[in-house]
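Quick one: the structure is below, and I'll ask about it shortly.
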Amino acid sequence: GLAAWGLALGRTSVARNAEWRSEATLFESALEVCPYSLKVLSNLALRALDEEALGGPARAGELLDKALAIEPGFGSALLNRGLVASRGGDHTGAARWLERAAYQAKRGTGGGGHKARALLARSYIQLAMQIKDQGGAGVVGKLDEARAEAEALLSEAADLLDQCLNQGGSGPKEGTGPPPLKLPFVHWNRGLAALELGDGGDWARGGGGGHGGGGEQLGRATWELEEALALNGRLSGLAGLPGAADPGDLLDTSAQQSVYNALGLAHRAAGSADQALEAFDRGASLDPSAGYELIANAAGLLADSGDWAGALGRYEQALKLNPGDPAVLSNLGWAHERSEGDLGKALGFYRAALDALRPRRHAQIEANLRNLEVKLEAQGWQAP
C-alpha cells in the first residue's frame, strides 16, 4: 500500500502496440521522445521504485531529481522523493523532502495535501524511533537532548495527522483545504505517535508534548490502531463497488501485521496482557511465515507473566523464522535459566547471542553469561 499511496501521479491509460508491451517499456520509450516531461519522469519513477529491472529506488531517485531540477516546486516529485529516501532508511532526508512537499501543498501549488502531511508525519515517527533506539548514542548528557528531540518530532507528527483526520484549515486561503483523509494508513500512524508518546519508558518522559499524559496517549493509541484495522476491513469489503477505495489506500498483509504488533504493544503498556496477547496472535496468524516480531513479542509477554514454558515455545518458533537473531537467542537463554530447565542450553544461547552480535558487545548479555557460569561452577558443572 505505501508505495502506491506515495507515488501520486496516476498511470495513463494508453493503447499499446507491439512495441509497447508494458507500462515500463511505454514510459521508457516516452522518456526518449520527451526527456523533460515531468509526467513521464514521475510515472517511470513510480515503476522503477518497485522494479529492480528498471533500476529500483536508485533510478527512481535520479528520475525524480531530474524532474525537480526542471520544476523545484513539483509537489508530486517532492513527495515521491521523500518516499524514496524513506525506503532507503534515510529518514532525515525523507523528512526534508516531505516538508517541502507539505509546504507546496499548503501554498496550493504542489498538490498532495494531506497525503504529504501524513507521509511527513510518518518520517517524523521513524526519526523519533531511531533516536529512541540510539538513546543519545550512549553519550553522557545526550539522553535528555535525544528525549526532547524525539518528543518534539512525535508531537509534530501527531499534529500533522490530526490535521489529516479533521476538516480543512490547510488550504492557501483561511478556512479552506482538502477534506479529511480518514484512511487506514493515517489512523495507523496516529496510533504509533500516541504509542510512542505514551510508552516512553526510560527514553521519554511520557508527557505527550501537550497531547495528554501516558495513560491518555495509550488509550488514543489503541483506539486509532483498532480503527485502522476496522476501516481497512470495511474498505476491503467494498472492493469492486462504485466509490470503492483505491487499492493503494488499503493496508497489505505486512502492514496489517505491523498494526497488530503496535496494538499489542499498546495493550501491554496499558497493562492489558490478555488483549496484548490476542493482538500479537491475530497479527501472526495473518502470515505465520512473516510473523517473527509478533511471535517474539508474544513470547516476551508470556515470560513477563512467568509462563516460561509458553515463552520458550514462542521464542523457539521466532528463532526458526529469524535464525541467529541475537535478541531471541538471548531471551531463549534467559527463559531456560529462569525456568530452571537446561542450564547448559541457556549457556549456549547466551554465547550464541554474543557471537551473533560481534564485533559489537552487549553488557547485559555478558553479565547474564558470567553470572550463569559462576552459578554452574558452584554446582560443580564443567563448562565446555
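Set the Förster radius R0 to 25 Å, insert the Cβ-Cβ distance between Ala309 and Leu357 as r into 1/(1 + (r/R0)^6), and round the FRET efficiency to 0.05.
The formula returns an efficiency of 0.40 here.
From a point 7 Å beyond the Cα of Thr25 in the direction of its Cβ, which residues of segment 56-89 have a backbone N at a distance under 20 Å?
56
Another question about this same structure. Whole number in Å², please: accessible area per residue of segment 243-291, 1.4 Å probe, ligands, DNA and RNA not counted.
Here the residues of segment 243-291 average 46 Å² of exposed surface.
Please give the contour-minus-distance gain from Tyr103 to Glu32: 0.36 nm per residue of separation, less the Cα-Cα distance, rounded to one decimal in nm.
Contour length minus Cα-Cα distance gives 22.4 nm.
Mind pulling up the Rg/Rh value for segment 293-347? Radius of gyration and Kirkwood radius, both on Cα.
When Rh is taken as the Kirkwood radius, the ratio is 0.93.
What is the percent carbon and sulfur in the accessible area of segment 63-105, measuring with a 1.4 Å probe over the protein chains and ignoring ligands?
So the carbon and sulfur contribution to the accessible surface is 49 percent.
Right, another one. Would you list Arg268, Arg59 from the most to the least accessible area, probe 1.4 Å?
The ranking, largest first, comes out as Arg268, Arg59.
Take the alpha-carbon positions of segment 265-373, form their convex hull, and give its projected area averaged over all directions (one quarter of the hull surface) in nm².
6.9 nm²
Given R₀ = 56 Å, FRET efficiency for Val374-Asp287 by Cβ-Cβ distance, to 0.05?
0.85
Ok, one more. Rounded to the nearest percent, how much of the accessible area of segment 209-359 (1.4 Å probe, protein heavy atoms only) is carbon and sulfur?
C and S fraction of accessible area: 50 percent.
So if I place +1 on the C-beta of Lys and Arg and -1 on the C-beta of Asp and Glu, and nothing else carries charge, what would the dipole magnitude of segment 41-124 be about its Cα centre? I want it in debye, nearest 20.
The dipole of segment 41-124 has a size of about 380 debye.
Can you give me the distance in nm between label points at Asp90 and Asp144, each placed 7 Å from the Cα along the Cα-to-Cβ direction?
The two pseudo-label positions are separated by 3.4 nm.
Under the 0.36 nm per residue contour assumption, what length would be gained going from the current alpha-carbon distance of Asn322 and Glu340 to full extension?
Between Asn322 and Glu340, full extension yields 4.0 nm more.
The values are calculated or read from the model by the stated rules, or taken from the named source; none is laboratory data. Here the structure is a predicted model, which is why all the values come from computation and not from measurement. Cβ coordinates were reconstructed from backbone atoms using ideal geometry, including for glycine residues, and neighbour counts include every protein chain displayed. Surface accessibility is based on the protein's heavy atoms, side chains included, excluding ligands, DNA and RNA. Shrake-Rupley method; radii C 1.70, N 1.55, O 1.52, S 1.80 Å.
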